[in-house]
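Structure record follows, encoded as C-alpha cells.
A short reminder: the numbers here are calculations on the coordinates, not readings from a lab. The structure displayed is predicted, hence computed values, not measured ones. In this analysis, Cβ positions are derived from the backbone assuming ideal geometry, glycine residues included, and neighbour counts consider all displayed protein chains.
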Amino acid sequence: MVAASPHPFAQLDPARVVAAVESLGFWVANEPFALNSYENRVFSLRDEAGQRWVVKCYRPGRWSDDQIQEEHDFLKELDVARVPVSAPWRDADDRSLHHYEGYRLAMFPHVVGQAPELENPAHLFALGELLGHLHSVAERGRFSVRRRLDLDAMVAESRERVLACPWLTRRQRGTYERLTESLWRDLTPFAWSPASMIRVHGDCHLGNMLGRDEAFTLVDFDDAVMAPAVQDIWMLLTAQHDVDMRMQLAEILEGYEQWRAFDRRELSLIEPLRTLRLLRHSAWLVARWEDPAFPRAFPWVIEESFWEQHLRDLEQQRLALQSSPFWLA
C-alpha cells in the first residue's frame, strides 16, 4: 500500500515561517503565533522594529498566482483611495506575493481593534460608510481572473461535493438531493446578470472588520469576487426581529449612501445569498476534509446529527425563500 502524501501545510512549522519572512529581508523578533484560520495558514509576528505583521500562507491549488495578485492590486487601489483596508506589504520591486520553498505568502500590517457591535446604530452607520466607500472605488474596474459569484454553478458544485461524501445516511442523501433540487429551482429566478456585479470583499462577517471608536478596517480579501453589492451587506443583518432588522438595514444604508447609491432591488437577493452560503459551507467542509486541521476543528461533520441539522436548516431556508421579508414590502 502506498502511504498517503502529507498535506501541503504539514511542513509549515514556525521555523519555516520565520525563514520565509526573513528571506524577504526582515528579522523576526518572536516565534510566529498561529491565528485562527483554516482556508489558509495565517501567523502573527513582530519584526526587529517592533511592528506587528500578519503573514498569510496561501492554500496550494485554490487560487492561481494571477488571482492572488489581482486581489493584492485591488487592495492597493483601495489603499490609495484611502479606503480603510489592510493592504499587503510590497518589496522594492513592488511585489506583494512571495514564494519560498513551494509556499506562497504575503505580509499584511497587523490591524488592532475589536469587531463592531451590530446592535449599535453608530457602528452600523460606520460599517455602511466603509462599504459604500469600498464599493465606490470597486465599481471603477472589474476583476478579470478572479471568480464571479455564479449562483447556478456554485449550487451545482456544492450539491456534487456533498452527495459524493460518505457521511450521510441513505435516507439523508435522498432528502438532501430532493431538497437541494427544490432550492435550486427556487433560486433560479434570482440569478443576477454579470452587468450587475462589482468587485466586493465577498466575506463581510464580523471577524473581518476590526476597529475602535466607530472607525473600522476591512481585512482578509481572500474571498474577493465579482458579485452584487448586497453580498457585502447581508451578513451584517443579524437581528431576530423585524423592528431590529429594520434599524440595522436603515443605519447601514444611510452610511453606505454617503458614498454610493444603493439599488434597493438587490435586497431581494438577501435570502438567495443566505441560501447559497449555507450550501457552500457544508460543501467546503467536505472538500477540505483531507486537511488535518479540519477533522480537529470540525469533528462533528462526520456525524449523522450534523447532517440532520443541516437538512433542517435547508428546509427552513426553503421556506424563507418563499416568504416575503419586510425589505420587499
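With +1 assigned to the C-beta of every Lys and Arg and -1 to the C-beta of every Asp and Glu, and no other charges, what is the dipole magnitude of the stretch 121-328 about the Cα centre in debye, to the nearest 20?
600 debye
In whole Hz and in residue order, list the ³J(HN,Hα) couplings for the stretch 198-209 that follow from phi through the Karplus curve 6.51 cos²θ - 1.76 cosθ + 1.60, θ = phi - 60°; x for Gly and Pro.
Along the stretch 198-209, the couplings run 10, 6, 10, 4, x, 8, 7, 9, 4, x, 9, 10 Hz.
Give me, ordered by chain and number, the residues 5 or more places off Ile198 or on other chains with an amide H under 5 Å from its own placed amide H.
Here the answer is Ala227, Ala229, since their amide H atoms fall under 5 Å of that of Ile198.
Based solely on C-alpha atoms, express the radius of gyration and the Dmax of the stretch 121-328 in angstrom.
Answer for the stretch 121-328, Rg first and Dmax second: 17.9, 53 Å.
Within the stretch 45-144, list the GluC sites (Glu not before Pro) lying in a DSSP loop whose Cβ has at most 10 other Cβ atoms in a 10 Å radius. Don't jump to the answer; show the numbers that get you there.
Working: sites: Glu48, Glu70, Glu71, Glu77, Glu101, Glu117, Glu119, Glu129, Glu139; in loops: Glu48, Glu101, Glu117, Glu119, Glu139.
Qualifying residues, ordered by number: Glu48, Glu101.
Starting from one equal scatterer on each C-alpha and no solvent at all, send me the Debye-based log10 I(q)/I(0) for the stretch 72-123 at q = 0.21 Å⁻¹, two decimals.
The computed values of log10 I(q)/I(0) come out as -0.86.
Using the Kirkwood radius built from alpha carbon pairs, what does the Stokes-Einstein equation give as D for the stretch 214-289 at 37 °C and 0.692 mPa s, in µm² per second? Let's see the in-between values first.
On the way: Rh = 14.4 Å.
This corresponds to a translational diffusion coefficient of 228 µm²/s.
Between the DSSP loop rule and a limit of at most 16 other Cβ atoms within 10 Å, which chymotrypsin sites (Phe, Trp or Tyr not before Pro) in the stretch 132-219 are left?
Trp167
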